[in-house]
Amino acid sequence: MKLVIAVVQARDADKLLEALQAEGFRATRISSTGGFLREQNVTVLIGVEAARLHDVLRVIKANCYTRTQYVNPLLPIVESGEFFVPQPIEVEVGGANVFVVPVERFERVP
């Protein structure tokens, strides 16, 4: 048994959870915030038999995309009289950070 912990961008979460459910996997969604841009993330917890781990990872890869986004950088400290106009910079966001940990014991309580 394995526990898959996937941290995904919030905009990918609903599609991912629907795809996991369609494949017969149960998942728990936990809202979280953090990362480079402090954007809304979702942490998805998935318990899976070791034999089906590859299937879970395939579903995650198929539903969590990287994309580019333009952000304004923080203003640097400038001397008085200087003028600085920040230019938006392009950054890559999205995708998924996936952790797979072994589970020693699992029980489902009805």
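Worth a mention:
- So ARG29, is it of a type in the set (D, E, K, R) and more than 12 Å from the chain's Cα centre (by Cα): no
- Filter pass, ARG105 being open to solvent by 50 Å² or more (accessible area, probe 1.4 Å), at pLDDT 95 or above and among the basic types (Lys, Arg): no
A quick yes/no check of all residues on (1) open to solvent by 60 Å² or more (accessible area, probe 1.4 Å); (2) modelled with pLDDT of 95 or more; (3) of a type in the set (A, V, I, L, M, F, W, C); (4) in contact with a strand residue (DSSP E or B) (Cβ under 7 Å, 6 or more places away or on another chain):
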{"position": "VAL4", "(1), (2), (3), (4)": "no, yes, yes, yes"}
{"position": "VAL7", "(1), (2), (3), (4)": "no, no, yes, yes"}
{"position": "ALA13", "(1), (2), (3), (4)": "no, no, yes, yes"}
{"position": "ALA19", "(1), (2), (3), (4)": "no, yes, yes, no"}
{"position": "ALA22", "(1), (2), (3), (4)": "yes, yes, yes, no"}
{"position": "THR33", "(1), (2), (3), (4)": "yes, no, no, yes"}
{"position": "ARG38", "(1), (2), (3), (4)": "yes, no, no, no"}
{"position": "LEU45", "(1), (2), (3), (4)": "no, yes, yes, yes"}
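- Residue, modelled with the highest pLDDT, within region 61-77, restricted to residues that are β-branched (Val, Ile, Thr) and touching an Asp or Glu at 6+ places or on another chain (Cβ under 9 Å): THR66
The values are calculated or read from the model by the stated rules, or taken from the named source; none is laboratory data. Everything numeric here is computed off the predicted structure, so don't read it as measured data. Please note: Cβ atoms are built from the backbone with ideal geometry, for glycine as well, and neighbour counts cover all protein chains shown. Ligands, DNA and RNA are stripped out before the accessible areas are found, and what is left, the full protein with its side chains, is counted by its heavy atoms. Shrake-Rupley method; radii C 1.70, N 1.55, O 1.52, S 1.80 Å.
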